[in-house]
Amino acid sequence: MNQKLEAWKNSLKQKKICVVGIGISHLPLIDYLVACGAEVTACDKKTEVELGETAQDLLKKGVHLHLGEGYLSNLDGEVIFKTPGLRPDVLELLQARKRGAHVTTEMDVFMELCPAPVVAVTGSDGKTTTTTLIYKLLSMAGFTTHVGGNIGAPLLPVIDSIQAQDRVVLELSSFQLQTMKHSPQTAVVTNITPNHLDYHKDYQEYIDAKKNLFLYQNVCDTVVLNMDNDVTASFAKESRSLVRGFSRQKKADVYLKDGKTIMVGDEAVLDIDEIKVPGMHNVENYMAAIAAVYPLVSKEVIRTCAREFGGVAHRIEFVRELGGVRYYNSSIDSSPNRTINTLNVFAEPVVLIAGGKDKGIRYDDLGPAIKKHVKALVLIGATSKTIGEVAAKDAPDVPAYYEETYEAAVRRARSLATAGDVVLLSNASTSFDMFPNFEVRGNLFKELVNQL
């Protein structure tokens, strides 16, 4: 029995708890807290009408609702579960802390109570693919493995089913890490570049949030760091745990030898020709994953996974070929750096569909990549003008077309592409100007392409 978990569950009985944010990830949490005997108030900016059946279901379960513009007023819970996207320094949360409330998150409580070893991944790019790889490798090696955080289902509501001999793999964003007070047994930082500066006060705050992944580790734990990235490499001197570095450019604990073979020390583990998903950034993802699981996971399992794993949806996802033109969906590319990495995968001329909501990041570095790889630009969304200006400066010979809808953008891209070209959705921006998330954006793109 997980005595720590049982004690925590017993402490919830008749305790007043506020859950801020009635999203998909918090609904199972609310059910779990109610089942533990807590008095739960669910708070959300949406109105009862906007929540629809969700609000009625919660009321039937005895959950109190605090909705609308003033949803953060009167946070009177002894414990407050904050949604990750809400800054921890908003006035109402500061006031709640001052009166003695414990402000936390579903993920921080899970990390504190989880009985199984945890591998957690963060980074500006590559974290979803790396997390998925680690999950697959551990599962293929025979472990009962649970995946959560930014991907998979919320894990605190199912923590009772997790056994000490299992493995847990998490993908964690800077939003989740900013208030984190617990670190995993194995922490993986893929890379750090400017990101989410529309949320964080500045780049340093973003970096500091990422550091929480390993700052609470002990000497028995491990942190995996990208030694080719100046920021992540600098984390090594701040770690009290074992550091395992990976590098494409130099010798490290895990490194790329002669541009062909992933090595662990002096041992050859994987030839990159065996990796099914394209791009050198995916070689880095494999190195990060190998550093996290080898030798717990054998070379044979790693090689089998490399040959079979076709990638994660919306990440350079092949959609179809039509008239000799291949269409790819990389809607996950919500920053210029991600789009640059994706463009570097292709040797063929690219018709690039890009644009979306700004995250407060400079787009200057995107210009040279457009000049090198892009045949024509189709721009849409709030950042279309910004990207167009960068392209005009660094790639004046690349024509740019501006469209209002994705239907028009896909039709335009088709008209510009000829046999041997690639049409690529890689937005270099978030989806929130037009869509609730990048999955909806990518799915629309795939639907439109398949209708051509």
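The values are calculated or read from the model by the stated rules, or taken from the named source; none is laboratory data. Everything quoted here is computed from the prediction, not taken from an experiment. Here Cβ is always computed from backbone atoms with ideal geometry, including for glycine, and neighbour counts include all displayed protein chains. For accessibility, only protein heavy atoms count, side chains too; no ligands or nucleic acids. Shrake-Rupley method; radii C 1.70, N 1.55, O 1.52, S 1.80 Å.
Quick check, is Phe143 under 30 Å from Asp365 (Cα atoms) and open to solvent by 40 Å² or more (accessible area, probe 1.4 Å)? Before the answer, list the steps.
Values: under 30 Å from Asp365 (Cα atoms): no; open to solvent by 40 Å² or more (accessible area, probe 1.4 Å): yes.
Spelling it out, it is not the case that Phe143 is under 30 Å from Asp365 (Cα atoms) and open to solvent by 40 Å² or more (accessible area, probe 1.4 Å).
Pairs please, first residue from the stretch 404-427 and more than 15 Å from Ser384 (Cα to Cα), second anywhere and of a type in the set (Gly, Ala, Ser) and not in a helix (DSSP H, G or I), Cβ atoms under 7 Å, 6+ apart in sequence or on different chains.
Leu416/Ala376; Ala419/Gly323; Ala419/Gly324; Gly420/Gly324; Val423/Ala417; Leu424/Ser330
What is the residue count in the stretch 409-452 for residues that are at positive phi and crowded, with 20+ Cβ neighbours inside 10 Å?
Residues meeting the conditions: 1.
Looking only at the stretch 360-386, count how many residues are out of contact with any Gly (no Cβ under 9 Å at 6 or more places or on another chain) and not in a helix (DSSP H, G or I).
The qualifying residues number 9.
Within the stretch 61-110, which strands (runs of 3 or more DSSP E) (wholly inside it) include 2 or more residues that are within 30 Å of Pro184 (Cα to Cα)? Before you say what the answer is, go through the steps one by one.
Numbers: elements: 64-67, 79-81, 102-104.
Because the criterion is at least 2 residues that are within 30 Å of Pro184 (Cα to Cα), the strands (runs of 3 or more DSSP E) in the stretch 61-110 that meet it are 79-81, 102-104.
Going by what's in this entry, would Glu389 be described as of a type in the set (Asp, Glu), in a loop (DSSP other than H, G, I, E, B) and open to solvent by 20 Å² or more (accessible area, probe 1.4 Å)? Explain how you work it out, then say what you get.
Values: of a type in the set (Asp, Glu): yes; in a loop (DSSP other than H, G, I, E, B): no; open to solvent by 20 Å² or more (accessible area, probe 1.4 Å): yes.
Considered against the rule, which asks whether it is of a type in the set (Asp, Glu), in a loop (DSSP other than H, G, I, E, B) and open to solvent by 20 Å² or more (accessible area, probe 1.4 Å), Glu389 comes out as no.
Search the stretch 43-60 for residues being open to solvent by 40 Å² or more (accessible area, probe 1.4 Å) and part of a loop (DSSP other than H, G, I, E, B), and hand back the single one that is nearest to Gln95 (Cα to Cα).
Residues of the stretch 43-60 open to solvent by 40 Å² or more (accessible area, probe 1.4 Å): 45-50, 53-54, 56-57, 59-60.
Next, from what is left, pick out any that are part of a loop (DSSP other than H, G, I, E, B): 45-47.
Working: Lys45: 19, Lys46: 22, Thr47: 24 Å.
Looking at the filtered set, the residue picked out is Lys45.
Please work out which one of (1) crowded, with 18+ Cβ neighbours inside 10 Å; (2) in contact (Cβ under 8 Å) with a residue 40 or more places away in the chain is the condition Gly360 fails and give its number.
Condition (1) is where Gly360 drops out.
Return the residues of the stretch 25-42 that are touching a strand residue (DSSP E or B) at 6+ places or on another chain (Cβ under 6 Å) and in a loop (DSSP other than H, G, I, E, B); say none if nothing qualifies. Steps first, please.
Filtering the stretch 25-42 down to residues touching a strand residue (DSSP E or B) at 6+ places or on another chain (Cβ under 6 Å) leaves 26, 30, 33-34, 38-42.
Ala38 - this is the single residue of the stretch 25-42 that is touching a strand residue (DSSP E or B) at 6+ places or on another chain (Cβ under 6 Å) and in a loop (DSSP other than H, G, I, E, B).
Got a sec? Which of Lys260, Lys237, Lys250, Lys276 is open to solvent by 70 Å² or more (accessible area, probe 1.4 Å) and either without any contact (Cβ under 8 Å) to a residue 12 or more places away in the chain or among the aliphatic types (A, V, I, L, M) (or both)?
Values: Lys260 fails: either without any contact (Cβ under 8 Å) to a residue 12 or more places away in the chain or among the aliphatic types (A, V, I, L, M) (or both); Lys250 fails: either without any contact (Cβ under 8 Å) to a residue 12 or more places away in the chain or among the aliphatic types (A, V, I, L, M) (or both); Lys276 fails: either without any contact (Cβ under 8 Å) to a residue 12 or more places away in the chain or among the aliphatic types (A, V, I, L, M) (or both).
Result: Lys237 is the single residue among Lys260, Lys237, Lys250, Lys276 that is open to solvent by 70 Å² or more (accessible area, probe 1.4 Å) and either without any contact (Cβ under 8 Å) to a residue 12 or more places away in the chain or among the aliphatic types (A, V, I, L, M) (or both).
Is it the case that Met111 is touching a residue at least 40 places away in the same chain (Cβ under 8 Å) and touching a helix residue (DSSP H, G or I) at 6+ places or on another chain (Cβ under 6 Å)? So that I can check it myself, show each step before the final result.
On the way: touching a residue at least 40 places away in the same chain (Cβ under 8 Å): yes; touching a helix residue (DSSP H, G or I) at 6+ places or on another chain (Cβ under 6 Å): no.
Spelling it out, it is not the case that Met111 is touching a residue at least 40 places away in the same chain (Cβ under 8 Å) and touching a helix residue (DSSP H, G or I) at 6+ places or on another chain (Cβ under 6 Å).
Which pairs turn up if I take residues in the stretch 9-28 that are surrounded by 21 or more Cβ atoms within 10 Å (Cβ to Cβ) and look for partners that are among the acidic types (Asp, Glu) with beta carbon separation below 6 Å, at least 6 apart in sequence or on another chain?
Listed pairs, sorted by first residue: Ile22/Asp44.
Considering Val351, Val440, which residue is more than 21 Å from the chain's Cα centre (by Cα) and β-branched (Val, Ile, Thr)? Before you say what the answer is, go through the steps one by one.
Details: Val440 fails: more than 21 Å from the chain's Cα centre (by Cα).
Of the residues listed, the single one that is more than 21 Å from the chain's Cα centre (by Cα) and β-branched (Val, Ile, Thr) is Val351.
State yes or no: is Tyr406 under 20 Å from Leu448 (Cα atoms) and either touching a Ser or Thr at 6+ places or on another chain (Cβ under 9 Å) or open to solvent by less than 30 Å² (accessible area, probe 1.4 Å) (or both)?
Numbers: under 20 Å from Leu448 (Cα atoms): yes; either touching a Ser or Thr at 6+ places or on another chain (Cβ under 9 Å) or open to solvent by less than 30 Å² (accessible area, probe 1.4 Å) (or both): yes.
Spelling it out, Tyr406 is indeed under 20 Å from Leu448 (Cα atoms) and either touching a Ser or Thr at 6+ places or on another chain (Cβ under 9 Å) or open to solvent by less than 30 Å² (accessible area, probe 1.4 Å) (or both).
Of (1) over 12 Å from Leu352 (Cα atoms); (2) open to solvent by less than 20 Å² (accessible area, probe 1.4 Å), Val378 satisfies all except one. Which?
(1)
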